[in-house]
Every structure is written in structure tokens, then in C-alpha cells.
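In what follows, a structure is listed as C-alpha cells, so that the remarks can point back to it.
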Amino acid sequence: MVDVLGGAGGVLTEDEVIGFVRGSLAGAGLEGRSVCVIVPDATRSCPLPLLLRAVHGALDGRVSRLTILVALGTHAEMTPEQLREHLGADYPNVINHEWWKPDTFADLGTISSDRVGEISDEMLRDEVPVRLNRAVVEHDVALVVGPVFPHEVVGFSGGNKYFFPGVAGQEVIDLSHWLGALITSASIIGTPGTTPVRALIDEAASMIPAEKLALSVVAQSGTDALHAIAFGDTISSWQAAAEISAQTHVRYVDHPVERIVSVMPSKYQDIWTAAKGFYKVEPIVADGGEVILYAPHVTQLAAMHPEIEEIGYHCRDYFLGQWEQFRDLHWGVLAHSTHLRGAGSWDPATGEHLRVRVTLATGIPEDVVRRANLGYLDPATVDLAAYDEDPGTLVIPNAGEILHRLI
């Protein structure tokens, strides 16, 4: 069962959101049970302070224990000051997902190689151990609170994705992201329903002993407003929100665009996260065209994954054609590399051939950018107004969340 408030055509009031959250949780049978609330980090548009105020008001004093777990995936740890601002209050029992600490995980079992082969249509056949932040396992209920957007790895974000990769061990992260890379970002992003990566995530989530519930929200991108909110189990709630996201977070254009300038907001602090400005526009770039990521505030490629500077950014076939050289690296890093570089081909005689150019107009030094196989543009020379007047250029403010497709 799933309850939904709102839709693609409107915006909810704060009172409507608070009333829906409190009413939903009041009827969820949570009295006297322990609840772990899993929330996104600051790289997602979401009125999290409002939602947590409603959740805390509904559960405080009714449940035996209430913990807030921030789903970092493999992003940087949030400081106490950042958490206070992000969550909207100084809540007790708030923890980062400390993915770098092995003792913070619980082992849930293993997904067999046969099952991985079945789920992935035989694109992969690898046994994968399933590890999850033990805070989820040590509570009776896991309550996901977060937004749903088109996503480059899984189709649409949200739901069980907050567990895997949100608070998961490296093994599932690597396997799921590389499976998405094999399918390619352009092919999977914004795909409705259960994609192979979503099926893998759901398989891992089925091993979680806690009851899994979700408040899945559809945010108005770049604002603190909500179009809709759905409550139910982590699959049905996500499905309802994804259907609305598909109507809300996709823009259509009638012809390929030669140049796109994605203006990245400050919530993306490195290219690891700001690369969403490429993922969301790759489907509409003309062959031989260019995507410029304009983010003067960004000063590094990947704060938590410096190895990307050594690997650089390449298409999928570059890695597959030289798999013995790359197979022992983190597949999640390889996947990020391919997602930002987009479609292309590689052969040992003529090398790599890429469909579009990717240029960084950031605070990253030119030598670092070019060594990573990307184009460089001094951000001080960028005239957004001039680009906006150019008929061959599309400037996208607050880029990274709205998917662009050809009609």
C-alpha cells in the first residue's frame, strides 16, 4: 500500500507536508519500536529540515530509539556544523555513514554469481558480499526520507538506493555502478520501472532484517518546495514518486544542441558530484558537440577518490578493451570515469574516439584537467550572457537534477 499527496502540477504547503508525514507515521505501527531514519547528504535538493521536523514530531516519545543516519555513499563526511544546517536542528543520535571504517558494517550475506548473472542479463557474473551500515540492522525499522530524481546509474534515485549505495559496503557499490556503466548512463538515466541496477539494489535490500519504509519526495529542483510525497514500503513509495519525477524532472528539446553550459550550484563541491551537469544533458548533445561544466567554486576532481586523477576520464570501451589493466581498481571509480566521458569507442590501433567534448570551467588547475583527458576553460573568461545569446548554445542554470531529452 502507498499513500500519495500532491502531483506534478502543483506545490505542497508546509502544513500539508507536516500533516501528511505525521498522519502517515501515526498509522505505521511504530509505537515502542526503534527507528533508523536514513536521509541524503547535501548534494540533493530536498526540504530536509521541514521533513525531519515533521518526522521527529511524529516519532519523538513514541519510539524506543530514534537515530538519523546520513547516506553519504562514498561522499565526504559532513561536519557537525554542516549537519546542523543540513538537518535544520541539532538532533540527538545523528551519525554519518562512515564508509571508510570496516567496523561500522554488518554482513548480510552474499548474492550469488548466478543471481547476479540473472539480474544483469549476464553482463556480469560475480558473487558479491552484501555489507550495510550496522545502524540500519540494529533498529526495528529503517525509514528512508529523501527525494527521487532521474539517475545516471539506476534510472531514478530514491527508495532502496538509500541503502545501496547510500549506506552500503564498497562491494555492492562497485558492482552496481559498473553494471550501470556497462548499460551506459545515456541508456539508463530516467528509465522508468525496475532497471537491472534497481533489481540488484532491491535484491540486496531484501536481505535487510529491519522493516523498510520510505517517505519518498518529489522536490521542485533548486528550491525547498515539494511537488509530491509518497509513503509506503521502500519499493511502492519509490515507484509512486518516480512516476511523478518522470513528469516533473524531464525537459524535452526538439533538436540536438551543439554546446551546453551547465552552471553548477555550490552544493556540488567536486567533479565527482558536479558531473551530474553532464549526465543530465548528454542525451541532447549533438555528435561532436561540447558540454561545459561551469563551476568556479570547484577546485578538485574527487575529494574522496584521488585515483581518478591517475585514471582520467574515458569511455566504457576504453576500459573493456584493456580490462586486465583496470579490473583490480574500484569499479565505482571506473564507472564515474565513463559516466562523465560519455559515449565513445576504443581500439588498440587508433585509440579512443569520443562522441562529445567535455570541458571544465572550474578552479581546478589546467594541468590536472588536461591530464584527466578533459578540456580546460578559464572560468574568468566565461561570459554566460554571451553564451545565452548564442543560438547554438543552451545555458542551464542550477544544473544537475533536471534530465534533458530529445523529443
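The values are calculated or read from the model by the stated rules, or taken from the named source; none is laboratory data. All values reported here derive from a predicted model rather than from experimental measurement. Glycine gets a Cβ as well: all are built from the backbone with ideal geometry, and neighbour counts include every protein chain shown. With ligands, DNA and RNA removed, areas are computed over all heavy atoms of the protein, side chains included. Shrake-Rupley method; radii C 1.70, N 1.55, O 1.52, S 1.80 Å.
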Single match in HIS97, HIS75, HIS56 (criterion: open to solvent by 30 Å² or more (accessible area, probe 1.4 Å), touching a helix residue (DSSP H, G or I) at 6+ places or on another chain (Cβ under 8 Å) and not charged (D, E, K, R)): HIS75
Residue in the stretch 303-350 that is farthest from ILE188 (Cα to Cα), counting only those that are of a type in the set (S, T, N, Q) and in contact with a His (Cβ under 9 Å, 6 or more places away or on another chain): SER345
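Do the conditions hold for SER112, that is, is it under 18 Å from VAL197 (Cβ atoms), small (Gly, Ala, Ser) and more than 24 Å from the chain's Cα centre (by Cα)? Steps first, answer last, please.
Values: under 18 Å from VAL197 (Cβ atoms): yes; small (Gly, Ala, Ser): yes; more than 24 Å from the chain's Cα centre (by Cα): yes.
Here the answer is yes, as SER112 does meet what is asked.
Anything in the stretch 100-112 that is open to solvent by 50 Å² or more (accessible area, probe 1.4 Å) and either closer than 21 Å to PRO306 by Cα or part of a strand (DSSP E or B) (or both)? List them, or say none. Lay out the reasoning, then the answer.
Pass one, the stretch 100-112, residues open to solvent by 50 Å² or more (accessible area, probe 1.4 Å): 100-103, 107, 110, 112.
Those that are open to solvent by 50 Å² or more (accessible area, probe 1.4 Å) and either closer than 21 Å to PRO306 by Cα or part of a strand (DSSP E or B) (or both): TRP100, LYS101, PRO102, ASP107, THR110.
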Residue pairs meeting the criteria (Cβ under 6 Å; at least 6 apart or on separate chains; first more than 17 Å from TRP178 (Cα to Cα), in the stretch 105-118; second of a type in the set (Val, Ile, Thr) and surrounded by 13 or more Cβ atoms within 10 Å (Cβ to Cβ)): ALA106/VAL137; LEU108/VAL130; GLY109/VAL130
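For every residue, the table says whether it meets (1) open to solvent by less than 50 Å² (accessible area, probe 1.4 Å); (2) farther than 21 Å from VAL148 by Cβ; (3) at pLDDT 95 or above; (4) hydrophobic (A, V, I, L, M, F, W, C).
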| residue | (1), (2), (3), (4) |
| --- | --- |
| MET1 | no, no, no, yes |
| GLY10 | yes, no, no, no |
| ILE38 | yes, no, yes, yes |
| ALA42 | yes, no, no, yes |
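Being of a type outside the set (Ser, Thr, Tyr), out of contact with any strand residue (DSSP E or B) (no Cβ under 9 Å at 6 or more places or on another chain), in contact (Cβ under 8 Å) with a residue 24 or more places away in the chain and on the phi > 0 side of the Ramachandran plot narrows it down to one residue among GLY332, GLY342, GLY351, GLY312; which is it?
Values: GLY332 fails: on the phi > 0 side of the Ramachandran plot; GLY342 fails: out of contact with any strand residue (DSSP E or B) (no Cβ under 9 Å at 6 or more places or on another chain); GLY351 fails: in contact (Cβ under 8 Å) with a residue 24 or more places away in the chain.
Matching residue, one of GLY332, GLY342, GLY351, GLY312: GLY312.
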Pairs with Cβ under 6 Å, 6+ apart, first in the stretch 265-291 and touching a residue at least 12 places away in the same chain (Cβ under 8 Å) and farther than 21 Å from ALA372 by Cβ, second open to solvent by 20 Å² or more (accessible area, probe 1.4 Å) and β-branched (Val, Ile, Thr): ILE284/VAL253
Any hit, the stretch 156-170, residues being out of contact with any His (no Cβ under 8 Å at 6 or more places or on another chain) and either surrounded by fewer than 22 Cβ atoms within 10 Å (Cβ to Cβ) or of a type in the set (Val, Ile, Thr) (or both): no
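Scan the stretch 279-303 residue by residue and report those that are farther than 15 Å from LEU394 by Cβ, open to solvent by 30 Å² or more (accessible area, probe 1.4 Å) and modelled with pLDDT of 95 or more.
Within the stretch 279-303, the first condition is being farther than 15 Å from LEU394 by Cβ, and the residues that meet it are 279, 287-288, 295-303.
Remaining after also requiring open to solvent by 30 Å² or more (accessible area, probe 1.4 Å): 287-288, 296-297, 299-300, 303.
Residues satisfying the conditions are ASP287, GLY288, PRO296, HIS297, THR299, GLN300.
Looking only at residues in the stretch 240-272 that are among the β-branched types (Val, Ile, Thr) and open to solvent by 10 Å² or more (accessible area, probe 1.4 Å), which one is farthest from GLY29 (Cα to Cα)?
Residues of the stretch 240-272 among the β-branched types (Val, Ile, Thr): 244, 248, 250, 253, 257, 260-261, 263, 271.
Cutting the leftovers down to open to solvent by 10 Å² or more (accessible area, probe 1.4 Å) gives us 244, 248, 250, 253, 257, 263.
Working: ILE244: 27, THR248: 32, VAL250: 36, VAL253: 46, VAL257: 51, VAL263: 45 Å.
Within the stretch 240-272, the match that is farthest from GLY29 (Cα to Cα) is VAL257.
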Residue satisfying all of: in the stretch 225-239; within 18 Å of the chain's Cα centre (by Cα) and open to solvent by 20 Å² or more (accessible area, probe 1.4 Å); farthest from VAL17 (Cα to Cα) among these: ILE235
Qualifying position, being at pLDDT 95 or above and surrounded by fewer than 16 Cβ atoms within 10 Å (Cβ to Cβ), among GLU122, GLU81: GLU122
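Yes or no: the stretch 344-352 includes at least one residue that is more than 17 Å from the chain's Cα centre (by Cα), surrounded by 15 or more Cβ atoms within 10 Å (Cβ to Cβ) and of a type outside the set (Gly, Ala, Ser). Steps first, answer last, please.
Filtering the stretch 344-352 down to residues more than 17 Å from the chain's Cα centre (by Cα) leaves 344-352.
Then drop every residue that is not surrounded by 15 or more Cβ atoms within 10 Å (Cβ to Cβ), which leaves 344-346, 352.
Now narrow it down to the ones that are of a type outside the set (Gly, Ala, Ser): 346, 352.
Within the stretch 344-352, one or more residues are more than 17 Å from the chain's Cα centre (by Cα), surrounded by 15 or more Cβ atoms within 10 Å (Cβ to Cβ) and of a type outside the set (Gly, Ala, Ser).
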